[in-house]
Amino acid sequence: MIPVLDLRGRAPGVRELRATLPRAELDVEAAVATVRPICDDVAARGAEAVLDAAERFDGVRPSSLRVPADVVAAALQGLDPEVRAALEESIRRARIVHADQRRTETTTTVVPGGTVTERWVPVDRVGLYVPGGRAVYPSSVVMNVVPALLAEVGSLAVASPPQKDHGGWPHPTILAACALLGVDEVWAMGGAQAVAAFAHGLDGDEPLEPVNLVTGPGNIWVAAAKRLLKGLIGIDSEAGPTEIAILADASADPEHVAADLISQAEHDPLAAAVLVTDSPDLADAVQAAVVRRAGETKHAERVAESLTGRQSAVVLVDDVEVGLDVVNAYAAEHLEIHTVDAPTVAARVRNAGAVFVGTWSPVSLGDYCAGSNHVLPTGGCATHSSGLSVQSFLRGIHVVEYSEAALRDVGAHVVTLARAEDLPAHGDAVIARLPELR
């Protein structure tokens with residue numbers, strides 16, 4: 001079912017692996033051309049443009065863009081008790097992990113009388129995007145809001161697409177998750193128009209103050225709007241379709257591997273599922289289990305399209321050592337390790353959004369209740385980017401304080417370097433204070 005890429009007998013380098021390993025075809029740059037007029041329209045016409053876009057893309061025109069407080073409260077009141085308990089546990093665990101990420105102010109004494117302090121200051125206002133397409137993602141509310149709250153962001157707003165089956169409001173479970181976290185500013189808007197509204201703000205009876213940063217996963221149109229508006233706003237990443245890679249040897253349980261590949265494939269027909277193994281027998285057993293399980297799962301058609309697509313593969317390698325090279329080059333959003341001595345192998349992973357170690361740590365645990373964050377870099381971006389965390393909402397500011405004696409001690413060096421760079425006015429700023437250096 002899953003295409004096979006045989007790398008046995010070869011030791012390809014990073015350049016070849018990047019060209020060879022499967023990826024979803026996702027042309028964000030082409031999508032920018034499509035979303036540009038939508039974003040320009042929102043900038044020009046504000047709320048009316050967002051409402052028109054909702055009617056066009058979501059099939060419903062909300063009676064208001066901002067979700068009334070009583071609608072949010074009613075969603076929590078009507079939430080299934082078991083779902084509420086699960087969300088509360090997810091929130092509790094996420095708070096535990098993310099609370100340890102808060103940075104502290106550090107002052108370094110460079111010389112007597114000369115200090116540099118690094119302060120960590122939260123972003124003033126953020127817009128948190130929660131998808132609402134093929135599935136409902138209250139877990140994404142948790143993953144966005146918890147680190148923002150722990151970073152002590154001054155103001156935050158959540159946006160999620162309006163649903164015609166729910167009166168034009170976002171899905172009730174998403175609203176309930178917002179209520180559980182104390183979020184009182186929720187907007188019924190999705191897609192590129194939501195990102196544009198966050199970036200430009202909205203006037204009128206329901207004003208939306210512009211934000212400084214937009215975070216959260218979304219489809220290609222959300223990613224394109226983020227790319228287009230980056231600079232006016234900060235972004236966490238241009239999230240693409242979800243990915244799972246599994247590095248496994250003969251010790252792995254093929255049923256577990258197959259179940260985990262399918263778990264991510266059900267997100268999207270473009271979702272990537274990659275198994276890297278040095279065991280042909282395991283590969284065959286996984287293929288058989290995938291065929292059986294995929295036919296039995298609820299979203300069988302979507303899963304089949306994902307697993308048979310060019311973005312998915314079973315990659316055969318000579319040994320786990322080469323397998324590590326492959327997964328490090330691939331830099332998956334989610335990487336599972338199913339090998340003998342999995343913790344030691346996992347410790348050698350350099351590039352991944354999140355690593356799941358051993359039989360009892362499936363990706364779905366991280367999606368909901370591990371305490372880790374599931375907003376992670378995709379498309380190989382884990383080679384240079386991190387997942388969402390408290391630090392995503394903080395900015396480091398250096399505060400420099402030197403005494404006269406400390407400046408006098410180093411001033412000549414400043415003047416020399418300024419002249420070496422042909423920027424004499426830089427040196428003159430020091431000479432104005434220390435004329436003897438003229």
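The values are calculated or read from the model by the stated rules, or taken from the named source; none is laboratory data. Given the structure is predicted, the values throughout are model-derived calculations rather than measurements. Note: ideal-geometry Cβ built from the backbone for every residue, glycine included; neighbour counts use all protein chains shown.
Based on this model, can you work out whether Trp120 counts as in a loop (DSSP other than H, G, I, E, B), among the aromatic types (Phe, Trp, Tyr) and either touching a strand residue (DSSP E or B) at 6+ places or on another chain (Cβ under 8 Å) or not assigned by TED's automatic domain parsing to the domain that holds Val214 (or both)? Even if it seems obvious, please write down each step before you answer.
Working: in a loop (DSSP other than H, G, I, E, B): no; among the aromatic types (Phe, Trp, Tyr): yes; either touching a strand residue (DSSP E or B) at 6+ places or on another chain (Cβ under 8 Å) or not assigned by TED's automatic domain parsing to the domain that holds Val214 (or both): yes.
Answer is no for this residue.
Criterion applied to Pro269, Pro343, Pro280 was being at pLDDT below 95, surrounded by fewer than 21 Cβ atoms within 10 Å (Cβ to Cβ) and not charged (D, E, K, R), and the one residue passing it is Pro269. Is it the case that the range 397-411 has a residue that's among the hydrophobic types (A, V, I, L, M, F, W, C), surrounded by 13 or more Cβ atoms within 10 Å (Cβ to Cβ) and within 26 Å of Val146 (Cβ to Cβ)? Within the range 397-411 (the criterion being among the hydrophobic types (A, V, I, L, M, F, W, C), surrounded by 13 or more Cβ atoms within 10 Å (Cβ to Cβ) and within 26 Å of Val146 (Cβ to Cβ)), the answer is no, since none of the residues qualifies. Which one of these is charged (D, E, K, R) and touching a Leu at 6+ places or on another chain (Cβ under 9 Å): Glu185, Glu255? Step by step, each of Glu185, Glu255 is checked, and only Glu185 is charged (D, E, K, R) and touching a Leu at 6+ places or on another chain (Cβ under 9 Å). One residue stands out among those in the range 106-129 that are more than 22 Å from Gly59 (Cα to Cα) and among the hydroxyl-bearing types (Ser, Thr, Tyr): the one that is surrounded by the most Cβ atoms within 10 Å (Cβ to Cβ), which is Thr115. Of all residues in the range 41-54, those that are at positive phi have Cβ atoms under 8 Å from Cβ atoms of residues that are modelled with pLDDT under 95 and among the small types (Gly, Ala, Ser), 6 or more apart or on another chain, in Gly46/Gly204. Identify, from the list Arg8, Arg18, Arg36, the residue that is in contact (Cβ under 8 Å) with a residue 12 or more places away in the chain and part of a loop (DSSP other than H, G, I, E, B). Exactly one residue qualifies, and that residue is Arg8. Anything in the range 76-89 that is surrounded by 15 or more Cβ atoms within 10 Å (Cβ to Cβ) and farther than 21 Å from Glu185 by Cβ? List them, or say none. Selection gives Arg84, Ala86.
Of the numbered criteria (1) closer than 22 Å to Gln193 by Cβ; (2) touching a strand residue (DSSP E or B) at 6+ places or on another chain (Cβ under 8 Å); (3) surrounded by fewer than 18 Cβ atoms within 10 Å (Cβ to Cβ); (4) among the small types (Gly, Ala, Ser), the one Gly132 fails is (3). A single member of Val355, Val414, Val349, Val430 is part of a strand (DSSP E or B) and either crowded, with 16+ Cβ neighbours inside 10 Å or touching a helix residue (DSSP H, G or I) at 6+ places or on another chain (Cβ under 6 Å) (or both), and it is Val355. Residue pairs whose Cβ atoms lie under 7 Å apart, sitting 6 or more positions apart in sequence or on different chains, and linking a residue in the range 162-190 that is closer than 18 Å to Asn219 by Cβ to a partner that is among the polar types (S, T, N, Q) and in a loop (DSSP other than H, G, I, E, B), are Pro170/Gln163; His171/Gln163. Against the criterion of being aliphatic (A, V, I, L, M) and modelled with pLDDT under 95, Ala245 does not qualify.
If the condition is being assigned to a helix (DSSP H, G or I) and without any contact (Cβ under 8 Å) to a residue 60 or more places away in the chain, then the range 317-327 contributes only Glu321.
Conditions (1) over 14 Å from the mean Cα position of the chain (by Cα); (2) in a helix (DSSP H, G or I); (3) among the aliphatic types (A, V, I, L, M), marked per residue:
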site	(1), (2), (3)
Ala332	no, no, yes
Leu335	yes, no, yes
Pro343	yes, yes, no
Ser372	no, no, no
Gly379	no, no, no
Ser392	no, yes, no
Ile397	yes, no, yes
Ala406	yes, yes, yes
Val410	yes, yes, yes
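The single condition among (1) surrounded by fewer than 21 Cβ atoms within 10 Å (Cβ to Cβ); (2) part of a loop (DSSP other than H, G, I, E, B); (3) at pLDDT 95 or above that Pro170 does not satisfy is (1).
Filter the range 195-231 down to residues that are under 19 Å from the mean Cα position of the chain (by Cα) and assigned to a loop (DSSP other than H, G, I, E, B) and give me whichever is farthest from Asp278 (Cα to Cα). Top of the filtered list is Val211.
Among the residues of the range 247-263, are any in a strand (DSSP E or B) and assigned by TED's automatic domain parsing to the domain that holds Lys298?
Residues of the range 247-263 that are in a strand (DSSP E or B), as a first pass: 247-248.
With the extra rule that they be assigned by TED's automatic domain parsing to the domain that holds Lys298, the set shrinks to 247-248.
Checked the range 247-263: at least one residue is in a strand (DSSP E or B) and assigned by TED's automatic domain parsing to the domain that holds Lys298.
Does Ala73 satisfy the condition of being in the same structural domain as Ile220 (by TED's automatic domain parsing), in a helix (DSSP H, G or I) and buried (at least 17 other Cβ atoms within 10 Å of the Cβ)?
no
Would you say Glu25 is out of contact with any strand residue (DSSP E or B) (no Cβ under 6 Å at 6 or more places or on another chain) and either crowded, with 18+ Cβ neighbours inside 10 Å or part of a helix (DSSP H, G or I) (or both)? So Glu25 fails the test.
Among all residues of the range 99-112, there is at least one that is assigned to a helix (DSSP H, G or I), assigned by TED's automatic domain parsing to the domain that holds Pro172 and at pLDDT 95 or above.
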